[in-house]
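Trainee: Shown below is the structure under consideration.
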Amino acid sequence: MPTTNIVTIFDNFRAEIDDHNDRRERLIKASRDITNLAKKTIFLLHRLVQEADGRELDDLTAGKKASQQAYPKLREIQDLYAKLQPELQGDRFWRYQRQVSPGLQEYIEALSFAHYLEHGSLITFEEVQRTLMDSQGVEVCLRQVCSALYFPLTVSDYLLGLSDLTGELMRFAISGIARRGGRNKASGVCAFVRGCKADFERMTPYIRELSKKQAVTAQSLEKIEDAAYAIVVRSSEYDLSPEMLDDIVANSISSYSDNSPETRQTFGRRRQADHSDDDDD
């Protein structure tokens, strides 16, 4: 074989490898940007719900208002996925799925949290996939309905993203449990998270890393149950108006937070620091 042909072949190999590395780096950077936007969306949802007054919480309108304000942020993520669509055409998606997956799971977590606040239910696989479509996408059929998609949504990314949702629901339940109507809402969230954990448990043998996230879900469920149990015990001790019970609940939650392992560790470190200062004196 002539030397020129060998050089040409290796030049093609080099160009292909360089193209692969460049595309991989672009997808990793885009996934990080999507992760940051999704986290900001989740923080925004928590802040908007906490800022709502008690009347809105009772009328179940605070969550809807919060989700409506968060959807523009989610559309920014969808626009980023639209720009990535040429990079993920055909078999490229499966080649670079590991680079796309982290940001996609974070996006599903934010989207499902907004959906829960608005509808009080779990977002479906088809609804998530429907947010990742465009007229320029790839034609894919779901349940005899064909749509143009940026890339196919995998069941593993869908379930892993939903599993992360349980942690946000735990924060949502505990942060609002001391507010008017928050006790009933916390009980509903607790039952919802318990149902999610039971349903996801059947998928753990088939979805990689789902078992690890199930362990985190179990911890989140335990925290909600502990807080709800403390509220029920404290409330049963008094025959008072709901307003006064809300004050007692707020104090109970404050004590519950102060007795958390993190607080005890911090307090222990402070005591050790104080003792060391005394020894120095």
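Trainee: From the residues in the range 189-234 that are modelled with pLDDT of 90 or more and among the small types (Gly, Ala, Ser), which one is surrounded by the most Cβ atoms within 10 Å (Cβ to Cβ)?
Mentor: 220
Trainee: Let me spell it out: the conditions are (1) buried (at least 17 other Cβ atoms within 10 Å of the Cβ); (2) in contact with an Asp or Glu (Cβ under 8 Å, 6 or more places away or on another chain), and residue 26 meets all of them except one. Which number is the exception?
Mentor: (1) is the only condition that residue 26 fails.
Trainee: For the range 165-188, name all the residues that are in contact with an Asp or Glu (Cβ under 6 Å, 6 or more places away or on another chain) and surrounded by 20 or more Cβ atoms within 10 Å (Cβ to Cβ).
Mentor: 165
Trainee: Examine the range 117-127 for a residue that is part of a helix (DSSP H, G or I), surrounded by 22 or more Cβ atoms within 10 Å (Cβ to Cβ), among the hydrophobic types (A, V, I, L, M, F, W, C) and touching a helix residue (DSSP H, G or I) at 6+ places or on another chain (Cβ under 7 Å), and state whether such a residue exists.
Mentor: Scanning the range 117-127 turns up at least one residue that is part of a helix (DSSP H, G or I), surrounded by 22 or more Cβ atoms within 10 Å (Cβ to Cβ), among the hydrophobic types (A, V, I, L, M, F, W, C) and touching a helix residue (DSSP H, G or I) at 6+ places or on another chain (Cβ under 7 Å).
Trainee: Would you mind stating whether residue 99 is more than 30 Å from residue 178 (Cβ to Cβ), modelled with pLDDT of 85 or more and either in contact with a Gly (Cβ under 7 Å, 6 or more places away or on another chain) or outside any helix (DSSP H, G or I) (or both)?
Mentor: no
The values are calculated or read from the model by the stated rules, or taken from the named source; none is laboratory data. Given the structure is predicted, the values throughout are model-derived calculations rather than measurements. Neighbour counts run over all protein chains shown; Cβ positions are idealised from the backbone, glycine included.
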